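A short write-up of the structure that comes next.
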Amino acid sequence: MSTLYYILSGENEDISESELKTLLELYDRGHSVFCWPMICVVRHSNESAWKRVAERASNVREVGQVYDLGSLAGWEDVNVLAGKLRDLAKGSEWIHVTQLHSYWGGEELKRLAGVLEEKTGLTTRYRRGPSLRLIFSGGIVVVGRTLFRAKRRPVYTKVFDRSFAITPSLARTLVNLSAVKEGGVLLDPFVGTGTIILEARSIGVIGIGVDIDWSIINGLARNLRHNKNPSIPVLSDGSRASFANIDAVVTDPPYGRGASTRGVELRELLENFLSRALESVVKWGRVVFMVPAEVELEVDDVITRVGGLIKSKHYMYVHSSLARVIYVVVPV
């Protein structure tokens, strides 16, 4: 068994952690995981699982081998840490120190770096050579070696787009929260320009994209052809279209600026959509979607009424006046 650390995006820590745990369940059922702010330490039973998780995740910044995991309650523990680093630093040219969650003040961190440099003979300033990783999160400290750093860019381009389309990073996150496997089929009933199904295809998932607007479907088809993407565009009312044996439904329902609901109230649209989505997915399938935070209680009620079960909810704060709720729902 190998023990690895995963440094997560701090933008939405709950979402980042949930995405990681979903992927771990998908690729390594026998793992164990412990999380602190912006970092999780995972004991893997499948030695190769981490590569699949790291390459697929949207919110993993770095993965590395764990040499030591401990606590650092105060200065009395620093000498003990320095002794460990001296033994573990063989082959390293410098110590790469990162503080993920404020615990040490700026001056304290400088003092700590000075003590470590004195005790180990290694600098904490950047060098080109191999480094020993030292990561602080609250009161815990991880010592390790970096295996992977994210350099994620979309592998597709769009010839048709809209300014209010969701970002590739968020689309990838939603796809991952659905736990859809490579080779599976994902439905987006409010597909827009296709960011979700384009992201899904980049991890080996076939998409079906539905939209009620012909101009949107025409633009989506252009995007799919441009990227040689075999996903299927469908002109239909996504809130009423019926499918079968879908592995996951992932979507961003229309609301707010630029949204076209053809005069249908949001509650009615969501009720119709969720009814069809829960009927369309396989019995273990998930339905993942976003709504404005102000309609959260109403959406909770709709989910119960149509026979869904909320597996998890995640809050995403875009700015002070805009928050969204990401739902992960399964059939009862």
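Residue under question is Leu270, and the condition is that it be modelled with pLDDT of 95 or more and farther than 28 Å from Gly10 by Cβ; does it hold? For Leu270, the condition - modelled with pLDDT of 95 or more and farther than 28 Å from Gly10 by Cβ - is not met.
In the range 135-143 there is at least one residue that is on the phi < 0 side of the Ramachandran plot and outside any strand (DSSP E or B). When each of Leu26, Leu4 is tested for being within 24 Å of Ala150 (Cβ to Cβ), part of a helix (DSSP H, G or I) and modelled with pLDDT of 95 or more, the lone residue that passes is Leu26. Picking from residues in the range 167-182 that are touching a residue at least 60 places away in the same chain (Cβ under 8 Å) and surrounded by fewer than 18 Cβ atoms within 10 Å (Cβ to Cβ), the one that is nearest to Ile206 (Cα to Cα) is Lys181. Looking only at the range 51-64, decide whether some residue is polar (S, T, N, Q), in a strand (DSSP E or B), in contact with a Lys or Arg (Cβ under 9 Å, 6 or more places away or on another chain) and at pLDDT 95 or above. No. Beta carbons closer than 8 Å, at least 6 apart along the sequence or on distinct chains, never pair a first residue in the range 196-224 that is acidic (Asp, Glu) with a second that is modelled with pLDDT under 95 and in a strand (DSSP E or B).
Residues in the range 233-252 that are of a type in the set (Ser, Thr, Tyr) and crowded, with 23+ Cβ neighbours inside 10 Å: Ser239, Thr251. Mind listing just one residue for me: the one in the range 36-56 that is closer than 12 Å to Leu69 by Cα and touching a helix residue (DSSP H, G or I) at 6+ places or on another chain (Cβ under 8 Å) and, of those, surrounded by the most Cβ atoms within 10 Å (Cβ to Cβ)? Looking at residues that are closer than 12 Å to Leu69 by Cα and touching a helix residue (DSSP H, G or I) at 6+ places or on another chain (Cβ under 8 Å), I get Val42. For the criterion of being among the polar types (S, T, N, Q) and touching a Ser or Thr at 6+ places or on another chain (Cβ under 7 Å), Ser275 fails. Scanning the range 92-128 for residues that are in contact with a Gly (Cβ under 9 Å, 6 or more places away or on another chain), among the small types (Gly, Ala, Ser) and at pLDDT 85 or above yields a count of 1.
For Ala73, are the conditions met, namely being in contact (Cβ under 8 Å) with a residue 60 or more places away in the chain, farther than 20 Å from Val42 by Cβ and of a type outside the set (Lys, Arg)? In short, yes.
Assess whether Phe190 counts as being in contact with a Ser or Thr (Cβ under 9 Å, 6 or more places away or on another chain), in contact (Cβ under 8 Å) with a residue 60 or more places away in the chain and closer than 23 Å to Glu19 by Cβ. Spelling it out, Phe190 is indeed in contact with a Ser or Thr (Cβ under 9 Å, 6 or more places away or on another chain), in contact (Cβ under 8 Å) with a residue 60 or more places away in the chain and closer than 23 Å to Glu19 by Cβ. Kindly indicate whether Val234 is touching a residue at least 12 places away in the same chain (Cβ under 8 Å), in contact with a His (Cβ under 7 Å, 6 or more places away or on another chain) and β-branched (Val, Ile, Thr). So Val234 does not fit the description; no. Annotation: Val318 fulfils all but one of (1) of a type outside the set (Ser, Thr, Tyr); (2) at pLDDT 95 or above; (3) assigned to a strand (DSSP E or B); the unmet one is (2).
The values are calculated or read from the model by the stated rules, or taken from the named source; none is laboratory data. Bear in mind that the values here come from a model prediction, so they are computed numbers and not experimental data. Positions of Cβ are generated from backbone atoms using ideal geometry, with glycine treated the same way; all protein chains shown enter the neighbour counts.
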